[in-house]
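Structure record follows, encoded as structure tokens.
The values are calculated or read from the model by the stated rules, or taken from the named source; none is laboratory data. Because the structure is a prediction, the values reported are computed rather than measured. Cβ sites come from the backbone with ideal geometry, for glycine too, and all protein chains shown count toward neighbours. SASA here: full protein model, heavy atoms, side chains in, ligands and nucleic acids out. Shrake-Rupley method; radii C 1.70, N 1.55, O 1.52, S 1.80 Å.
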Amino acid sequence: DAISKLVLRKKFTAFGALAFDTHLRKVISMFNGLLPQSSSFTVRHKFAGLKEATTILNMENEREILEIWNASHEDQSQFFDPSLDPEAAPTVTKVTVKWHLSAPQVKAYMKCRTEWKAGIIDSLTLS
């Protein structure tokens with residue numbers, strides 16, 4: 001969309017990424033306040049890709065994406081400790097997080113950070 005294309009043409013420092021995240025949260029909050037309560041899911045869905053972009057831009061370094069990306073693509077139920085809730089153990093289901101951004105889009109946003117090196121970003125394997 002138009003906002004994503006505009007963002008991809010910009011360069012961000014760590015502080016700029018933080019400011020972008022703050023401003024985006026305010027915009028989403030404004031739309032949620034203007035639209036009926038039933039529309040809040042639609043607003044969140046429309047801005048999901050940009051919210052993921054702010055998450056990417058606010059990482060400490062280029063390699064942190066591997067942790068976030070790979071963890072979201074594997075079965076998280078393995079981290080459930082049945083001793084915490086023995087009754088829930090049989091009901092634990094496979095949980096994965098679906099990203100709205102593709103691997104190439106993630107790398108494109110990563111290249112917007114001024115401190116990060118394109119060579120390192122290109123060498124990352126997002127499976």
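Data table
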read-out	value
Flag for Ser38 being exposed (fewer than 12 other Cβ atoms within 10 Å of the Cβ), in contact with a Lys or Arg (Cβ under 6 Å, 6 or more places away or on another chain) and modelled with pLDDT under 95	no
Any pair with Cβ under 8 angstrom, 6 or more apart, that starts in the range 4-30 at a residue that is over 18 Å from Met110 (Cβ atoms) and ends at one that is surrounded by 11 or more Cβ atoms within 10 Å (Cβ to Cβ)	Val27/Phe47; Ile28/Val43; Ile28/Arg44; Ile28/Phe47; Ile28/Lys51
Filter result (out of contact with any helix residue (DSSP H, G or I) (no Cβ under 8 Å at 6 or more places or on another chain) and surrounded by 13 or more Cβ atoms within 10 Å (Cβ to Cβ)) within the range 20-35	Arg25, Val27
Any helices (runs of 4 or more DSSP H) falling wholly within the range 6-60 and containing at least 3 residues that are under 13 Å from the mean Cα position of the chain (by Cα) and of a type in the set (Lys, Arg)	none
Matching residues in the range 73-127 - criterion: being assigned to a helix (DSSP H, G or I), at pLDDT below 60 and open to solvent by less than 50 Å² (accessible area, probe 1.4 Å)	Ser77, Ala89
